[in-house]
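The values are calculated or read from the model by the stated rules, or taken from the named source; none is laboratory data. Since the structure is predicted, the reported quantities are computational estimates derived from the model, not experimental observations. Cβ coordinates were reconstructed from backbone atoms using ideal geometry, including for glycine residues, and neighbour counts include every protein chain displayed.
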Amino acid sequence: MELDFLVPVDDKVLAHCELLPRQAIGKHIKIHSHRDGLPSLDKVSMVILGVKESRNAFEKKTEKLDVSGLRIQLYKLLLGNWNSTLADIGDIEEGATVEDTYFVVRNTLTKLLEADILPIVIGATQDLTYPAYRSFDGIKNLVNLVAVDSRFDFGMDDELISSHSYMSKIITDKPNNLYNFSNIGYQSYFNAQEEMDLMDRLFFDAYRLGELGADITLAEPVLRNAHMISIDARAVRASEIGLSDNFSPNGFTGREICAIARYAGFGDKVSIFGMYEMENTVQSHQLMAQIIWYFIEGFNYRITESPLEEAENFTKYNVPCDSEQLVFHQSQLTERWWVEVPSILAPHTKSDAVALLPCTKTDYLQACDQIIPERWLKAYKKGFN
């Protein structure tokens, strides 16, 4: 595989690897080094990729992202009971222009997706979500994007693309391949009412930080349906990350953000996992490394299952409501839930076609109480499939 413009991992990271115990990740990961070059990606399941572009940051960065510091913390961690092969393919440096960097990021991720390799992107700023999204062009027509973020990042109408406005670019840019956008962890005082109204009009999903703090499992069905994940480290509370000026006192705890990463790893549709906006502190690097560890852990326990293809492994529940009959399926293996959503886009599907929407047991219990779940209503109005 030709992967141009990649800069090898810093030699000081390799020096740290020499001192690690044999069970550490650093002893089992294929590394792009100055001495050995880019490793073979044959049979590799996931790769680590750093992107140091930060010129479109909303709050300008005073220093470059220290990916080496994060790598040192990640390589220290011990392997789980994993059967996947990891590689670290190095970094993409800033190009002559931001657009040049976007081009390289998009092309690199496209090549990895075509090779069925999942990239874990460690980016300086979250506007890099845009070229990551565009890397699906020609591979997937409809993309579900989940952002773990305290903000929706729509920005102002006339604002150029930045880490606070990249979602506007994704929504309006042609070809428009975005099918669904979900936000996990937004905080109301960071988002204008117009942005919340836009989320409703487009039938996008948003889950407030307080909801998830009360029950972090609410994130699982949202992540199960995602093709790409974009985590803004500023969704984590300041005390967890090293008390930076750019972080808020409110946010996810370290335990909660790691649980979200593990759920993301479980999601068998997730093809790109990105983390952005982290700080250059030891505490930040440690937490980001642990987030990656939990994502890899989830990936290694992925189970692909479908009620429509393996009906014998599911329990089916028909729930008559006032205006609809909802059909739920629960996996006997994982105890996960899905609900059928009939298509309202008849010209595009078979007349009797249904789609499966990941949901929770709470959605089923609500339906039993004659309350149609909000996620089902949004999916139905959008024409889920």
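A single member of Phe203, Phe181 is under 24 Å from Leu109 (Cα atoms) and not aliphatic (A, V, I, L, M), and it is Phe181. Within segment 316-330, being hydroxyl-bearing (Ser, Thr, Tyr) and surrounded by 15 or more Cβ atoms within 10 Å (Cβ to Cβ) holds for one residue alone: Tyr317. List pairs: first residue in segment 114-136 and assigned by TED's automatic domain parsing to the domain that holds Pro175 and among the polar types (S, T, N, Q), second residue surrounded by fewer than 22 Cβ atoms within 10 Å (Cβ to Cβ) and assigned to a loop (DSSP other than H, G, I, E, B) anywhere in the structure, Cβ distance under 7 angstrom, at least six positions apart or on different chains. Correct list of pairs: Thr125/Ala57.
The single condition among (1) on the phi > 0 side of the Ramachandran plot; (2) in a loop (DSSP other than H, G, I, E, B); (3) in contact with a strand residue (DSSP E or B) (Cβ under 8 Å, 6 or more places away or on another chain) that Gly90 does not satisfy is (2). Scanning segment 242-259 for residues that are of a type in the set (Val, Ile, Thr) and either on the phi > 0 side of the Ramachandran plot or buried (at least 24 other Cβ atoms within 10 Å of the Cβ) (or both) turns up just one, Ile257. Of the residues making up segment 236-262, those that are free of Cβ contacts under 8 Å to residues at least 60 places away in the same chain, under 20 Å from Phe58 (Cα atoms) and not in a helix (DSSP H, G or I) are Val236, Arg237, Leu243, Ser244, Asp245, Phe247, Pro249.
Whether a residue is assigned to a loop (DSSP other than H, G, I, E, B), in contact with a helix residue (DSSP H, G or I) (Cβ under 6 Å, 6 or more places away or on another chain) and either outside the structural domain of Asp116 (by TED's automatic domain parsing) or of a type in the set (S, T, N, Q) (or both) was assessed, and Asn56 passes this test. The set of residues in segment 170-219 being among the polar types (S, T, N, Q), loosely packed, with under 15 Cβ neighbours inside 10 Å and closer than 23 Å to Val236 by Cα consists of Ser188, Gln193, Thr217. The lone criterion from (1) in contact with a Ser or Thr (Cβ under 9 Å, 6 or more places away or on another chain); (2) farther than 26 Å from Thr85 by Cβ left unmet by Leu142 is number (1). Restricted to segment 263-293, and to residues there that are over 27 Å from Lys111 (Cα atoms) and either among the aliphatic types (A, V, I, L, M) or not in a helix (DSSP H, G or I) (or both), the residue that is nearest to the chain's Cα centre (by Cα) is Leu287. Those strands (runs of 3 or more DSSP E) of segment 294-385 in which 2 or more residues are at pLDDT below 90 and either more than 21 Å from the chain's Cα centre (by Cα) or among the hydrophobic types (A, V, I, L, M, F, W, C) (or both) occupy 354-359.
Only residues that are farther than 20 Å from Asn177 by Cα, part of a loop (DSSP other than H, G, I, E, B) and of a type outside the set (S, T, N, Q) were counted in segment 116-138, giving 2. Somewhere in segment 77-86, is a residue part of a helix (DSSP H, G or I) and within 19 Å of the chain's Cα centre (by Cα)? For segment 77-86, residues part of a helix (DSSP H, G or I) and within 19 Å of the chain's Cα centre (by Cα): absent.
Residue by residue, here is whether (1) in contact with an Asp or Glu (Cβ under 6 Å, 6 or more places away or on another chain); (2) within 23 Å of Ala15 (Cα to Cα); (3) modelled with pLDDT under 95; (4) surrounded by fewer than 22 Cβ atoms within 10 Å (Cβ to Cβ) holds:
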position	(1), (2), (3), (4)
Glu53	yes, no, yes, no
Lys61	no, no, yes, yes
Leu78	no, yes, no, yes
Thr85	no, yes, no, yes
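Only a single criterion out of (1) touching a Gly at 6+ places or on another chain (Cβ under 7 Å); (2) buried (at least 20 other Cβ atoms within 10 Å of the Cβ); (3) among the β-branched types (Val, Ile, Thr) is not satisfied by Val270, namely (1).
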